């Protein structure tokens with residue numbers, strides 16, 4: 001939530017809010033509806049703690065299965081636009097690399113394997129479309145050793161590479177407000193100038 005200190009008027013956030021304290025080693029990400037706060041700290045690098053901000057439930061540590069721990073959380077904490085789902089990338093030597101999905105309203109969680117059989121590593125720049133039914137991310141293509149653009153449905157189906165040129169690096173993919181297009185930048189080993197690109201996502 002945001003607060004106007006002059007009028008004490010409280011308004012809901014229009015987008016996901018994130019905070020990082022690099023000295024204390026803490027990352028916070030508040031859901032766009034203000035209902036949940038995701039906390040990552042040095043004391044619990046292998047899991048995230050979800051805190052209900054508006055008394056919507058009890059504190060929830062994810063992954064919740066005791067036997068499922070990550071050596072570390074690889075990259076950003078990404079809330080879906082409506083605040084109902086959370087995604088982050090975790091890695092362990094036992095299970096490999098996964099995108100972990102949490103549905104806070106249904107109280108469910110599951111993994112999307114991004115490496116097994118796909119030769120994709122280090123998924124980052126996680127980005128949700130407006131409908132929250134897929135995930136866009138950049139990841140290293142082990143065939144070309146470049147960071148390419150991928151999209152996958154939240155149930156793990158229809159994983160595909162959307163890069164127009166797999167031999168270029170992709171950075172910072174972002175969905176358009178209608179969910180039909182993705183904006184990103186790309187560059188090459190020979191030219192590090194980042195060029196903006198726009199691609200249409202035809203089906204999901």
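The values are calculated or read from the model by the stated rules, or taken from the named source; none is laboratory data. Since the model is a prediction, treat every value here as computed from it, not as a measurement. FYI the Cβ positions are ideal-geometry reconstructions off the backbone, even for glycines, and counts take in every protein chain you see.
Quick notes on this one:
- Within the stretch 46-73, considering residues that are at pLDDT 70 or above and outside any loop (DSSP other than H, G, I, E, B), the one surrounded by the fewest Cβ atoms within 10 Å (Cβ to Cβ): 61
- Any chance residue 158 is loosely packed, with under 13 Cβ neighbours inside 10 Å, under 24 Å from residue 111 (Cβ atoms) and under 20 Å from the mean Cα position of the chain (by Cα): yes
- Top-ranked residue in the stretch 104-114 [being under 22 Å from residue 146 (Cα atoms) and surrounded by 18 or more Cβ atoms within 10 Å (Cβ to Cβ); ranked as modelled with the highest pLDDT]: 112
- Some residue of the stretch 117-126 being in contact (Cβ under 8 Å) with a residue 12 or more places away in the chain and over 18 Å from the mean Cα position of the chain (by Cα): yes
- Top-ranked residue in the stretch 184-203 [being surrounded by 14 or more Cβ atoms within 10 Å (Cβ to Cβ) and closer than 23 Å to residue 153 by Cβ; ranked as nearest to the chain's Cα centre (by Cα)]: 184
- Annotation note: Cβ proximity below 6 Å between a residue of the stretch 36-51 that is more than 15 Å from residue 65 (Cβ to Cβ) and a residue that is at pLDDT below 80 and outside any strand (DSSP E or B) (sequence gap 6+ or interchain) occurs for 42/25.
- Count of the stretch 119-155 residues which are on the phi > 0 side of the Ramachandran plot and either touching a helix residue (DSSP H, G or I) at 6+ places or on another chain (Cβ under 8 Å) or modelled with pLDDT of 90 or more (or both): 1
- Assessment of the stretch 89-101 against the conditions (in contact with a helix residue (DSSP H, G or I) (Cβ under 7 Å, 6 or more places away or on another chain), at pLDDT below 65 and over 22 Å from residue 153 (Cα atoms)) yields no matching residue.
- Filter result for residue 177 (touching a residue at least 24 places away in the same chain (Cβ under 8 Å), surrounded by fewer than 15 Cβ atoms within 10 Å (Cβ to Cβ) and outside any strand (DSSP E or B)): yes
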